[in-house]
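Here's the structure, in structure tokens; my notes come after.
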Amino acid sequence: MENFDRKKHWENIYQTKQLNEVSWYQPTPETSLDFIKQYNVPTTAKIIDVGGGDSLLVDHLLDKGYQDIAVLDISEAAIDRAKTRLGERAEKVKWIVADAAKFQPTEQYDFWHDRAAFHFLTDEQEISNYLETAQRSIKPTGVLIIGTFSEQGPNICSGIKIKQYSENSMTERLKNFFEKIKCITIDHKTPFDTIQNFVFCSFRKLS
């Protein structure tokens, strides 16, 4: 994968496929919303959706009255699509075009959400960079949610090899910075009627 242009790849995906033509599409991101509900995340909380693309989580958060939402994605096309869909409501959201592995936040977050971005990081240095950034950028009382393909899930997505995780391997990988709260496994049904098994884990920062 040397010389692989990750940004170019994702720009192409979002320029050629519609919202419901990608495997990760879900009209209601129930698992993500459940975590927000379980941790009683207040509507004033600073929330970031890492790798959010044009997913509908931001729509649901706005519907629920959340006031401080940031959406990060490597693809400007994905962000533009989300802005177009939201219309005037897009002005209530902070949009960040950046590679999650190289992101340099300028603020700290109460709730860091990542559904299916982290597992695209397969290089050890990029994984470390990501986790160090999350550790610095999540408030002491904040929560980190990461959802990746499980060891029973696919090992390739959108033509890219991904890194699968189990509850144990994810907990082990994050243990220098975070302690696990809980993990669950979820079957995601794609628009193509296939099933992808995910592991979602929540973490708190080590004090």
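The values are calculated or read from the model by the stated rules, or taken from the named source; none is laboratory data. Remember, it's a predicted structure, so these values are computed and weren't measured experimentally. Ideal geometry is used to build each Cβ from the backbone, glycine not excepted, and the neighbour counts take in all protein chains shown.
Just one of the listed residues (Glu167, Glu126) is acidic (Asp, Glu), over 21 Å from Cys183 (Cα atoms) and free of Cβ contacts under 8 Å to residues at least 60 places away in the same chain, namely Glu126. Within region 79-138, being part of a helix (DSSP H, G or I), of a type in the set (Ser, Thr, Tyr) and more than 18 Å from Lys163 (Cβ to Cβ) holds for Thr84, Ser137.
Give the residue that is nearest to the chain's Cα centre (by Cα), with candidates limited to residues of region 130-173 that are surrounded by 17 or more Cβ atoms within 10 Å (Cβ to Cβ) and hydroxyl-bearing (Ser, Thr, Tyr). Restricting to residues being surrounded by 17 or more Cβ atoms within 10 Å (Cβ to Cβ) and hydroxyl-bearing (Ser, Thr, Tyr), the top hit is Thr148.
Could you go through region 125-141 and let me know if any residue there is under 20 Å from Ile184 (Cα atoms) and of a type outside the set (Ser, Thr, Tyr). Checked region 125-141: no residue is under 20 Å from Ile184 (Cα atoms) and of a type outside the set (Ser, Thr, Tyr).
When Ser150 is tested against (1) at pLDDT 95 or above; (2) more than 19 Å from Leu72 (Cα to Cα), exactly one condition is not met: (1).
Cβ-Cβ contacts under 7 Å between residues 6 or more apart (or on different chains), taken from a first residue in region 79-93 that is surrounded by 14 or more Cβ atoms within 10 Å (Cβ to Cβ) to a second residue that is among the charged types (D, E, K, R), are listed as Ile79/Asp73; Arg81/Asp54; Ala82/Asp54; Arg85/Asp54; Leu86/Asp59; Ala90/Lys83. Looking only at residues in region 47-64 that are touching a residue at least 60 places away in the same chain (Cβ under 8 Å) and among the aliphatic types (A, V, I, L, M), which one is farthest from Gln108 (Cα to Cα)? Filtering region 47-64 for residues that are touching a residue at least 60 places away in the same chain (Cβ under 8 Å) and among the aliphatic types (A, V, I, L, M), the one farthest from Gln108 (Cα to Cα) comes out as Val50.
Between Ile74, Ile96, the distinction of being in contact with a helix residue (DSSP H, G or I) (Cβ under 6 Å, 6 or more places away or on another chain) and closer than 26 Å to Phe178 by Cβ belongs to Ile74 only.
Set side by side, the residues Asp99, Asp193 differ, and just one is more than 22 Å from His60 (Cα to Cα) and either without any contact (Cβ under 8 Å) to a residue 12 or more places away in the chain or over 17 Å from the mean Cα position of the chain (by Cα) (or both), which is Asp193.
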